[in-house]
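> Before I ask anything, here is the structure I am working with.
The values are calculated or read from the model by the stated rules, or taken from the named source; none is laboratory data. Computed from a predicted structure; not experimentally measured. All Cβ positions, even for glycine, are placed from backbone atoms using ideal geometry, and neighbour counts span all protein chains on display.
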Amino acid sequence: MERFERMKKLEEKIEENLKHVKHKIAILSGKGGVGKTTVAVNLAYALAMKGYETGLLDADIHGPNVPKMLGIEHEGVYGDEEGMEPIKVAPHLKAISLALMLEKDAPVIWRGPLKMTAIKQFIGEVKWGNLDFLIVDLPPGTGDEPLSIAQLIKQSNAIVVTTPQDVALLDSRRAVNFARHLAMNVLGIIENMSGFRCPHCGKEINLFKVGGGEQAAREMNVDFLGRIPIDEKIVVDGDIGKPFVTEQNEASEAFMKIVEKVVKKLGM
Ligand SMILES: Nc1ncnc2c1ncn2[C@@H]1O[C@H](COP(=O)(O)OP(=O)(O)OP(=O)(O)O)[C@@H](O)[C@H]1O
Ligand SMILES: [Mg+2]
């Protein structure tokens, strides 16, 4: 009973804490490795570059890559009885990750209830202040863990990231259904790793085919937000903690168009 009460209190605290956020956007996918974190980090960065007050919450406790992609992995987190301060990453951009509170390279092996309590506490105690957007990087897939976390973020929007292969269709369908099941507002699907332009001859090579995301969007009756090509620079930038939207190239131009669509869809 006492535990139940404690959990309820934590959930209320989360709701209270996220009250001053205008738009929450969870980034999800049907499976791992499709570029969720890349999209989350660059979407948050792009919104901040446009002058919107933006927060980025890394809720993937097993492979928390957000700090590395933002170059803040050596930052400490400060807090008091009132809560934790998110890291100021750039003008208008704050971010927090459970990874910043864990020992570097330590595997996260919390289980079940302990893990959920830690995540709830974490989400309930970050002092975001007033935000236009809060971007949430969820754990991969549509299993119990992303489900429990997504349930904590009430009235959230969702963006589904997929790769272009036919087999990815199934995964994105599952992800869209997952979001619908949680009463999230599905903003649309992004097709990542879509086509590769040969840097030597300029010819486009479709390593993973193209069009799977668009087809999935049509079938599921959600918007197709756009394609991001495969670009070596995205990997290099991700590894050195530099968001690729700060570059001028085909991938960043494609990405900015997606950002425009998202902003417009939310009436900002
Ligand atoms: N369009 C792209 N072109 C080239 N590389 C990319 C592209 N998008 C993502 N990557 C690279 O692919 C790898 C996986 O991307 P990312 O970590 O964003 O995926 P994820 O869906 O968050 O993975 P996980 O499920 O493990 O959390 C990273 O090294 C990233 O730099
Ligand atoms: Mg990730």
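> Out of the stretch 81-98, which residues are over 18 Å from the mean Cα position of the chain (by Cα) and either more than 18 Å from GLU16 (Cα to Cα) or at pLDDT 95 or above (or both)? I'd like the intermediate steps shown before the answer.
The initial filter retains those residues of the stretch 81-98 that are over 18 Å from the mean Cα position of the chain (by Cα), namely 81-85, 91.
Correct list: PRO91 only.
> Give the stretch 221-239 a look and list any residue that's within 21 Å of the chain's Cα centre (by Cα) and not charged (D, E, K, R), or say none.
Listed by number, the residues that qualify are VAL222, PHE224, LEU225, GLY226, ILE228, PRO229, ILE230, ILE234, VAL235, VAL236, GLY238.
> Further question on the same structure: Report whether or not ASP223 is modelled with pLDDT of 90 or more, within 16 Å of ligand 2 (Cβ to nearest atom), surrounded by fewer than 21 Cβ atoms within 10 Å (Cβ to Cβ) and not basic (Lys, Arg).
Working: modelled with pLDDT of 90 or more: yes; within 16 Å of ligand 2 (Cβ to nearest atom): no; surrounded by fewer than 21 Cβ atoms within 10 Å (Cβ to Cβ): yes; not basic (Lys, Arg): yes.
No, not satisfied.
> Follow-up. May I ask you to verify whether ASP60 is assigned to a loop (DSSP other than H, G, I, E, B), at positive phi and modelled with pLDDT under 90? Lay out the reasoning, then the answer.
Working: assigned to a loop (DSSP other than H, G, I, E, B): yes; at positive phi: no; modelled with pLDDT under 90: yes.
No; evaluated as a whole, the condition is false for this residue.
> Would you check if ASN17 is under 25 Å from ASN130 (Cβ atoms), of a type in the set (S, T, N, Q), within 13 Å of ligand 1 (Cβ to nearest atom) and in contact (Cβ under 8 Å) with a residue 24 or more places away in the chain?
Working: under 25 Å from ASN130 (Cβ atoms): yes; of a type in the set (S, T, N, Q): yes; within 13 Å of ligand 1 (Cβ to nearest atom): no; in contact (Cβ under 8 Å) with a residue 24 or more places away in the chain: yes.
Taking the combined requirement at face value, the residue does not satisfy it.
> Can you spot a residue in the stretch 201-216 that is within 13 Å of SER29 (Cα to Cα) and of a type outside the set (Lys, Arg)?
Yes, the stretch 201-216 contains a residue that is within 13 Å of SER29 (Cα to Cα) and of a type outside the set (Lys, Arg).
> What is the number of the single condition among (1) within 16 Å of the chain's Cα centre (by Cα); (2) within 12 Å of ligand 1 (Cβ to nearest atom) that PHE196 does not meet?
(1)
> Looking at ASN130, is it surrounded by fewer than 14 Cβ atoms within 10 Å (Cβ to Cβ) and away from ligand 2 (no atom under 16 Å from the Cβ)?
On the way: surrounded by fewer than 14 Cβ atoms within 10 Å (Cβ to Cβ): yes; away from ligand 2 (no atom under 16 Å from the Cβ): yes.
For ASN130, the condition - surrounded by fewer than 14 Cβ atoms within 10 Å (Cβ to Cβ) and away from ligand 2 (no atom under 16 Å from the Cβ) - is met.
> Name the residues in the stretch 57-80 that are more than 13 Å from ligand 1 (Cβ to nearest atom) and under 14 Å from the mean Cα position of the chain (by Cα), would you? Talk me through it step by step, then tell me what you get.
Within the stretch 57-80, the subset more than 13 Å from ligand 1 (Cβ to nearest atom) is 57, 71-80.
The answer is LEU57, and nothing else.
> Step by step: first the residues of the stretch 63-80, then only those that are of a type in the set (A, V, I, L, M) and in a loop (DSSP other than H, G, I, E, B), then the one that is farthest from ILE119 (Cα to Cα). Which residue is that? Even if it seems obvious, please write down each step before you answer.
Just the residues of the stretch 63-80 that are of a type in the set (A, V, I, L, M), to begin with: 66, 69-70, 72, 77.
Applying the additional criterion that residues be in a loop (DSSP other than H, G, I, E, B) yields 72, 77.
Working: ILE72: 20, VAL77: 15 Å.
Among residues in the stretch 63-80 that are of a type in the set (A, V, I, L, M) and in a loop (DSSP other than H, G, I, E, B), the one farthest from ILE119 (Cα to Cα) is ILE72.
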